[in-house]
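Colleague: Would you mind keeping the following structure in view while I ask a few things?
The values are calculated or read from the model by the stated rules, or taken from the named source; none is laboratory data. Nothing here was measured: the structure is a model prediction, and the numbers come from that model. All Cβ positions, even for glycine, are placed from backbone atoms using ideal geometry, and neighbour counts span all protein chains on display.
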Amino acid sequence: MRNISAKSALRTKVKAVDTAVEGKKKIDATSALKTAVPALAKAASKGVIHKKNASRKISRLTKKVNALKG
């Protein structure tokens, strides 16, 4: 039950980054990324998701945010 809750919270944080990127809001995307990265890292350390899965998600989200202009 705890893992289900943690995964749901992760998906919400990742979705916030994706939504900000789609809306081309760099400031919002950057702040959402700053909350999503530690959450992904913590979930990986707790065993909720695999370490490489977290690393891949962090990398892809960072690329999306960095691709935004201004």
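So that you can scan it fast, the table gives a plain yes or no per residue for (1) of a type in the set (Lys, Arg); (2) modelled with pLDDT of 95 or more; (3) in a helix (DSSP H, G or I); (4) surrounded by fewer than 13 Cβ atoms within 10 Å (Cβ to Cβ):
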| position | (1), (2), (3), (4) |
| --- | --- |
| Ser5 | no, no, yes, yes |
| Arg11 | yes, yes, yes, yes |
| Val17 | no, yes, yes, no |
| Ser31 | no, yes, yes, no |
| Leu40 | no, yes, yes, no |
| Asn53 | no, yes, yes, no |
| Thr62 | no, yes, yes, no |
| Lys69 | yes, no, no, yes |
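Colleague: Select from the range 19-29 the residues that are among the acidic types (Asp, Glu) and surrounded by 13 or more Cβ atoms within 10 Å (Cβ to Cβ) and list them in ascending order.
Modeller: From the range 19-29, those among the acidic types (Asp, Glu) are 22, 28; that's our starting set.
Scanning the range 19-29 gives a single hit, Asp28.
Colleague: Any residue in the range 43-70 that's at negative phi: show its pairings with residues that are surrounded by 15 or more Cβ atoms within 10 Å (Cβ to Cβ) and not in a helix (DSSP H, G or I) at Cβ separation under 6 Å, as long as the two are six or more apart or on different chains.
Modeller: What qualifies is Ala43/Ile49.
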